[in-house]
Structure formats: C-alpha cells, structure tokens
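Worksheet: one structure, shown below.
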There are 2 protein chains.
Amino acid sequence: MHKTLLALATALLLSSTVATGPVLAGESETRIGVEAHEVVPGLRDAALRSDLAYRVVESLTTEVGPRLAGSEADARAVAWAEAKFHELGFDKVWKEPVTFPKWERRSEHARVLGANAQPLTITALGGSPGGTVEGEVVRFADLAALEAAPAGSLAGKIAFVDYRMERARDGAGYGPGSRVRSRGPSAAIRAGAAGYVMRSAGTDSHRNPHTGITRFDEGLQPIPSAALSVPDADQLARLVARGTTRLQLALDCGWTGTATSYNVIGQINGSERPEEVVVIGGHLDSWDLGTGAVDDGAGVGITMAAGALIGQLPAPPARSIRVVAFANEEQGLYGGKAYAEAHKDEVGLHVIGAESDFGAGRIYGYSSSAPAYAEPADKAIAEALAPLGIVHMPGEGGPGPDIGPMAANGVAWARLAQDGTDYFDLHHTPDDTFDKIDPEALAQNVAAYAVFAYLAASNEVQHGFGSAPRDTPPAED
Amino acid sequence: MHKTLLALATALLLSSTVATGPVLAGESETRIGVEAHEVVPGLRDAALRSDLAYRVVESLTTEVGPRLAGSEADARAVAWAEAKFHELGFDKVWKEPVTFPKWERRSEHARVLGANAQPLTITALGGSPGGTVEGEVVRFADLAALEAAPAGSLAGKIAFVDYRMERARDGAGYGPGSRVRSRGPSAAIRAGAAGYVMRSAGTDSHRNPHTGITRFDEGLQPIPSAALSVPDADQLARLVARGTTRLQLALDCGWTGTATSYNVIGQINGSERPEEVVVIGGHLDSWDLGTGAVDDGAGVGITMAAGALIGQLPAPPARSIRVVAFANEEQGLYGGKAYAEAHKDEVGLHVIGAESDFGAGRIYGYSSSAPAYAEPADKAIAEALAPLGIVHMPGEGGPGPDIGPMAANGVAWARLAQDGTDYFDLHHTPDDTFDKIDPEALAQNVAAYAVFAYLAASNEVQHGFGSAPRDTPPAED
C-alpha cells in the first residue's frame, strides 16, 4: 500500500460529512506496515528487561511522596515530572495549567461513646467539610436502603452505610462501591443526618481506610463524611447489632480556595508526522494518605518508561508519542478535562489515547474504540501484545479516566486492561506504597504500552483509529 | 495404682531435701488413669465443634476494644472478665490486684523535612517520653551497629535502626527483633542521639507500626522513641540513601503515675483435690492500637472456653482448673509476677501452668517441664493431643510469659506451641482486630487446652509434674 495515497483518501473521507462506513474497505483499511512489526520483538524484550518504570515510580513515591492536588508536594511532583522527562531523553517537555478548587485534610478522629468507648479508624472523604458531630449510628446495608430513609428520619443521627465492595479482576465492584461514597452523603443529608460514615470502598481487611472524592448535591448543606477502615466497619456493625451506639466524628478538613497545577507532558517526536500523536499517560496527583504508588505512580512510570524506550529506538515511529502526567485526576478528572479543552481543535491529530490508571498488576486484555475499517491495525496490535499474555477483547471496556474527556471530543481510545484483583486492597489508602509493586508485572505493562504506542504511531493512514471531532462523526458512527 | 499410697509417697519425696530422681520409678511414676482418658475424645470433639472461644474473643474485642493497662478500658475489661467467667458457669470467680506504673499515648507524628517533605507513619514505643525533636537521620543496619556508635557521635541526630525481623513459625525472629526495641533507645542515648526510630519488629508490609514496651537504662535521660511501619522504614531508608534526611519526631505520651488493675480468675473446682490447680490463661490487657484480638484476646478466649467446656462435663476432673486473665502483661508481666508473688506459698498446689499468648494460629507442638518420673503422664497428654495435629516436642520451648514468674518459683509448665508464622504481621499493631482470627484454628486451640488441662488435672499423684518450691528443688533438678 502506498502511504501517501491512503493518507489522501482518508483526509478526503474525514472532510466529508457523508456517512462513509461501507465505502471504507480493502485499500482504505488501516494497517500497520511490516517495518514497524519488525521493531516489536526487540522493543518488547527491552521493556521486559528494563527496570526503568520501577525506578521512576520509586523516584516519584520516595522523593515526592503523597501529592494531594494543589498541595506543596503536588508542585514538587510537577517539577519532578518535568525533570524526569528531560532526564529520560524526551524530545519536547512542557506543562499546561490546570485550575481547580483545593481541598485539605488536617486531622480526623472518630470514637464510639459510652459503655463501649473506643476509637475507630476513619478518613474524611475528599470534599467533606470539617466539623465535630455526635449522634446515634443508624446502619444501612447498602446505598439503596439509605436512599429509602424518609426525610427527617435521621435527624441528629449519623448514617452508616455498611456495603461490602466485591473483589473482581476488572474492578467491577468499584461501581457500586464508589457510589456509596459519591451519593451516600447527599442521601444522608436528605434524611436529616448530622454525619455520614461508610465502610470503605475496598477489598482488604486492614486498618487502612479508603478515601476518595465525594460530592454534595446542589442545595444541600454538606455534613462531615468519612470512611471507616474495613475492620472498623465490622466493629461498628457488631456494636450497632448489640444496641444503641453513639459515635463522635471529628473532622478538620475542607475547601480552601483555588489552586493551579499542571499537566506535565513529554513527547518523543515522530519521524514523518510529528504533529500527529499517540497519547499515553497516568495521573501525577495522588491522595494524601499513601504515596500514590499503584494510584497512580505506576501509570506515570509505565508510560514514561514506554515513551523513553521508544525514544531509545534507532528510529522513532512515524508519529509522535506523547506522555501526559495528568494533574488532579482524583478530585474530578481536572487534568483530563483541561487537556481535552486545550486540545479540542486537535482531535484529528490525536491518533488514539490510553491511560494507565488501574494499579500495577499485569495487563490481561486489549481493546479499543477502533472502527471496523481499522480492524486490521487493531488486530495487528493485539497480536503483537499476545506474547505478553494479553488477550484481544474487542468491544470491552472504555477509555481510562483522563482519556475520557478527549474521547468525548472524538479521540479514539485503547484499553490495556490491568489485573485489578488486588487493586482495591490499596486504592486510596495509606497502604498505597512502593513496596506493593511487583517489578516484573510493571515491566510487562511497560512492554505492552511501548508495543501498543509504537504500532499505533506507525499506522499507515492518518486518523487510522477513527479519531474525529464529534461534529464530524467518526466513519463508523 | 493406689492413689492414696502414691500421694503419700510423693508428699514424702517433696518434703525431702535429698536428690530423689533415681528413686522415682515404677509405681512412683506419674500416670493418668483410664477413666480420664475415656473422657478425652468427647471433650476434644465438643471443643472442636464449639464456637465459644470465638464468641468470647468477639465479645471482648468488640465491647471493650483496645485496653491499655491502667486505662478506663482496662477497668472495663476486668469487669467484662468477671462477668464472662460467671456467665460461663465457673464455680469460683475472683480478682487479685496488680499495681504498676501507668503509661499513656496521646498523639504521635513524624515527618521528613526539606526537599522531600512528607509524613511518616510511626507509633511511640511504650515507655517513651513525649517531646518534639528534629535532627538528621543516621541509619544503622542493626542494633550492633548502633551499639558500636561512639559516644557523642549522634549528638543532635535521630538514630534509625533498620533491622528487618525474620518470619518463623515459632517466632524465633522476635528475639532479635524485640531487642532493637528494648535496647535500641538506650544505645542511641549513649551515642548522644536526640531521638530514636526503628523499623517495626514485625513481618508485614502494611502502614501499621508495631508498638511495644521499651526500657531506658538507669542513669540515662530518656528520648522520644518510636517505631516506623515497615513501608515507612523502607521509605526512610531510601531517603537516607539519597542524601541527608532530616526528621521531625513529635510524641505526646509518657508515664502518668500508678494504676491498679486485676488478674481476673475463674475456677472449675476439682472433685477430689480442689485445692490443687492446673493454671491456664491469657492476658487481658492489650496495646492500645488494635483491639487485642490475637494479642491476647485469643488466649483469654481459648482458655476461658477450655475451662468452661471442662466445667460442662458430667464430672469435673480430680483437681481444679484455674483460668487466669492476667493484668498488664504488655508492659512487663505485671500480672504474672503479681500472681506468682500472691501464690508463692502454694507452688506445690499448682500442678502445672500454661499460657496462651502467641496469637490464634493452630497448635503444632506440645512440651513441658515434666521430670522423668512424669514422662508417662506427659506422653499420655501428648498422645491425646496427637489427633489435633500436635506433635510431642519434649525439651523444647519454655513457659508462656505470665507463667514465667511462677515457673521461676518452681511451678511446672507446659507449652502448647501455636503456629506464629503470621503472628508478627499483626502483633502490637492497629491491625490486631477480630477479623484476623480463624474460628477453626481457634477451636483447635480450645480442644488442645481442654484436653491438656483435663488430663493434667487427672494425674494420679500429687505434684505429678514436678512443681515444688525452688528452695526444695524438683526431683529432677
């Protein structure tokens, strides 16, 4: 196939507003050239042998440590990321501002009062106001039960949602688990509660509570809201089962104005179409309890290392590899949204995007939003990933969190699905630390991202995976 | 064999000061009667089927929670134990006062200062003074390295002993591990240090530091002394390896006068010689970080349940079963010492003693201090324990901590060795909570203690296992 001809044909197709799906076939299919495939085994093996990602994660989690969005440490993380991209030989390094409300945690305590007096281990939910409240605990087995509580029925009381999140490789349990965190406080307020506690959205059984952002619905007066560690939720449930249990919840935390942080970006320039980019990345911020090793130091390390290893090849791929360390993912995808907004006029230049933000477990599956005409390329990538133990799972999943906003604008996405069986043992807890990372699994991730990004950047048609502004629907829509 | 004759002969032997070892043979050997053996299978099976110990541990850890010696919760634990012994049908329940210095933990923080600023998770060592110190961290690989530091060499600095405790079924790693805690602070003071931190004496890798008592040698001015969680010790070691690292250690804790708590005792009276007792027990106090489930709610639950199940037999054994919930083991065996002192004139009435204070893992071995003439009884006990997967390990181990002081006075001891492979993942941490207990393993412990105590109380000679005041050495000495 002739690259220039294909590119011309594709450009014409994309500038058309006519539905063009059926027209694309045969020579119009997106393929990846033989030369690119020849690079893959060496790149994959180099990644598997490399401890670069492991050292990057070690550096970030050790030198910066916890890096709550908007904190002094977050600013150090931004400087760290710029320096690290330079150190790793990226061709171009820059940062783009991301502004958001700033939330701070200062102290947090809870204790059972009365005849069974004892402290409980809790952590404020991100976004919670501070305050000290005392009240009888009313336990609900799940969010629906709380939502069914009549208005005023919890006046002066503390609502306790005792829902136990389920463990799953793909993290399916996190949907219902995290809804208890995002919707529970507002439901408690509607029923009149003075405070809100929940069993952590987590799958471990350690005294490490899981924080995470919550939202209060418009018009409601926020109440102190916290998560109990799993053993503490067990304990509170046992106490409530024995009789009336009063709890004191004392949080010192809250919103303190506006902060500006940065998406930090490193690019390996493409050899033929450098303005066209494959975006990979992770998020640079973390919750403050741990050092953000699996969430998401790992994603930053994996994608920085994948980019760096591609940069060390004898020749770069045709298009650029852009690695983004996103700002403030944790509190509402601020970095992903800012990136999408800043680059909304460049959707067509973004070949495809993938974020690593599900820990440091091995990747077991590959899927993408590639339309039918890109199947040859998509399959070729899947085949190149297969030796890493990765299965092609077309049609499954969706874009990573910070890719979501650009995907909504029309950028194609890929998913390199990590084994998250143990992810929610650590996620958003003090226990999210460097020692939890398996260097071999991390290297497998790097190999997968490097192979994926290299091949995607080597496809032989412009916009080969369907990226197109949403007002010009992708060919398959 | 004729019981009265044997008893007379034994009494004569014990009143003699002549070495009598070789004289004891044949009819003078301690044996256990056939009738007692016939009781064993039913008792063992009832214990294996029973969830009594599990419910007792649940009750203590839930209703009382953490129970630091001398605290308000410790007093509640004493009341709980008295009530529980009554509820379980013990014939006689009483308490004996135990007085000790009282130590309190109020707050504790540590943070790395400067370019890598971040909080570290620590806990004050029991006995540490309060105070806030800042200084450069000097790392030592082990206690010997710190002890070799010249006087004055750590002036204004914070000593960090980074020794990693080893995992072992029998807890062998705890000797060197706990010496870092007991001796490290004094060694640091001798070298001039302003503060002391250590890698927790633990085998886990969670953000849960291990506390435990320390001592300051006479004449030294105590310094703030704390343990880092294992991941935080990893982190501090990495930071120190990168360059000069300054730490702020802020502890609010210390000694606050004297407290009186109680050994709480429940007894199942023997049918023939009720004044002669087999002592089993655990300790009632716990450290304050967790709820003291494996240390030592389990020991209290196991031995209370074993006693209660013996009490539910159609007929009690010849001698009494005395279950002791010892006060303040954690800060220096105060309960065990008080018991030994209070009963020092009754050594000959204490047939044998065994404490359960090594978690809630299965028992794998049995041994005792039984002299040669008691081997038939000792072997009979071991044979009765064998169906529980317990191996006879004569000559191994020693008395449990609170049995130690009475053993020093001449009371015979037994050891029912628990599998402690995972014990130091939890020991003295916030993570020592009820959910960590396996009910089946706990029931196996109860079965072992019940069988052991019942048979030991059924032996056919007085003082059959060699108990005798130390000024009248036991026959085998």
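Hey, what angle do you get for helix B:439-456 against the long axis of chain B, alpha-carbon based, 0 to 90 degrees rounded to 10? So the inclination is approximately 40 degrees. For A:Leu249, the shell of other residues with beta-carbons less than 10 Å away shows a net charge of -1, using +1 for Lys and Arg and -1 for Asp and Glu. When A:Ala441 is represented by a point 7 angstrom out along its Cα-to-C-beta vector, the spacings to that point in the other copies are 2.3 nm, nearest first.
Summed over the residues of segment B:327-477 and divided among them, the accessible surface reaches 29 Å² per residue at a probe radius of 1.4 Å. The residues of segment B:102-116 occluded by other protein chains by 50 Å² or more of accessible area, set against the chain on its own, number zero; surface from heavy atoms, 1.4 Å probe.
Placing a label point 7 Å from Cα along the Cα-to-Cβ direction at A:Gly42 gives distances to the equivalent points in the other copies of 8.2 nm, listed shortest first. Between copies, the label points at A:Glu396 (set 7 angstrom from Cα along Cα-to-Cβ) are spaced 4.7 nm, reported in nanometres from shortest to longest. Derived value for segment A:107-255: Kirkwood hydrodynamic radius 14.8 Å. Basis is the mean of 1/r over every pair of different alpha-carbon atoms.
Whole angstrom only: what separates the Cα centroid of segment A:116-163 from the Cα centroid of segment B:391-457? If we compute the Cα centre of each part, the gap is 40 Å.
Taking every DSSP beta bridge that has both ends in segment A:107-255, the antiparallel portion is near 60%. Values of log10 I(q)/I(0) for segment A:38-139 across q = 0.14, 0.22, 0.24 Å⁻¹ run -0.80, -1.23, -1.32, by the Debye formula with one identical scatterer at each alpha carbon and no solvent. Local charge for A:Ala354 was computed over the other residues whose Cβ lies under 15 Å away, with Lys and Arg +1 and Asp and Glu -1, and equals -4.
Extents of chain A, largest first, come to 80, 46, 39 Å (Cα atoms, principal axes, whole angstrom). Across segment A:170-254, C-alpha contacts under 8 Å between residues 6 or more apart give a mean separation that, scaled by the residue count, equals a relative contact order of 30 percent.
For chain A, carbon and sulfur atoms together expose 51% of the accessible surface, with a 1.4 angstrom probe and every protein chain in place.
Ranking A:Pro401, A:Gly184, A:Ser71 by Cα position along the charge dipole of the protein assembly as shown, where only Lys, Arg, Asp and Glu carry charges on their C-beta atoms, puts A:Ser71 farthest toward the positive end. Measuring from each Cβ of chain A to the axis that turns chain A onto chain B, the shortest distance belongs to A:His206, 3 (residue, then whole Å).
Average accessible surface for segment A:107-255: 36 Å² per residue, computed with a 1.4 Å probe over protein heavy atoms with every protein chain in place. Does segment A:123-200 come out rounded, prolate or oblate by the C-alpha gyration tensor, with a ≥ b ≥ c the root eigenvalues, rounded set by a/c under 1.5 and, if not, prolate when a/b is larger than b/c and oblate if not? Prolate shape, in that a/c is at least 1.5 and a/b is the bigger ratio.
For B:Met393, the accessible surface of its heavy atoms amounts to roughly 40 Å² (probe 1.4 Å, protein chains only, rounded to the nearest 10).
For segment B:426-443, heavy-atom accessible area (probe 1.4 Å) falls by no less than 10 Å² from the chain alone to the full protein assembly at B:Pro430, B:Asp431, B:Thr433, B:Phe434, B:Asp435, B:Lys436.
Counted over chain B, the DSSP beta bridges are approximately 60% antiparallel. Residues of segment B:232-254 whose accessible area, computed with a 1.4 Å probe over protein heavy atoms, drops by at least 30 Å² once all protein chains are present relative to their chain alone are B:Gln235, B:Arg238, B:Arg242.
For the protein assembly as shown, the calculated P(r), taken from all Cα-Cα distances in 20 Å bins from zero up to the bin holding the longest distance, is 14, 37, 30, 15, 4, 0 percent.
Listed by chain and number, the lysines placed with their C-alpha closer than 27 angstrom to that of B:Lys92 are B:Lys3, B:Lys84, B:Lys337, B:Lys344; residues fewer than eight positions away on the same chain are left out.
Ignoring everything except DSSP H segments at least 4 long, calculate the 222 nm mean residue ellipticity for the protein assembly as shown; use -39,500 (n - 2.57) per segment, divide by total residues, nearest 500. The helix-only estimate for the protein assembly as shown comes to -9500 deg cm²/dmol at 222 nm. Could you grab the relative contact order for chain B? Cα pairs under 8 Å, six or more apart, rounded to a whole percent. Normalised by residue count, the contact order of chain B is 24 percent. Among B:Leu113, A:Pro274, A:Tyr366, whose Cα lies farthest out toward the positive end of the dipole of the protein assembly as shown, if unit charges sit on the beta carbon of Lys, Arg (+1) and Asp, Glu (-1)? Working it through, the farthest residue towards the positive pole turns out to be B:Leu113.
Relative to the first principal axis of the alpha-carbon coordinates of chain B, what is the inclination of helix B:375-385, with its axis defined by its Cα atoms, in degrees from 0 to 90 and to the nearest 10? Once rounded, the angle reads 70 degrees. Using the alpha-carbon atoms, what tilt in degrees (0 to 90, nearest 10) does helix B:72-87 show relative to the longest principal axis of chain B? The angle comes out near 20 degrees. Each Lys or Arg adds one and each Asp or Glu subtracts one; over the other residues with Cβ under 14 Å from the Cβ of A:Ile158, this totals +1.
Chain B packed on chain A takes about 2500 Å² of accessible surface away from a 1.4 Å probe, both sides summed.
Relative contact order for segment B:107-255: what percent, with Cα pairs under 8 Å and sequence separation of 6 or more? Worked out over segment B:107-255, it gives 38 percent.
The values are calculated or read from the model by the stated rules, or taken from the named source; none is laboratory data. Keep in mind that this is a model prediction, so the values were computed, not measured. Every residue, glycine among them, receives a Cβ derived from its backbone with ideal geometry; neighbour counts consider all protein chains shown. Please note that ligands, DNA and RNA were not included when accessible areas were found on the heavy atoms of the full protein model with its side chains. Shrake-Rupley method; radii C 1.70, N 1.55, O 1.52, S 1.80 Å.
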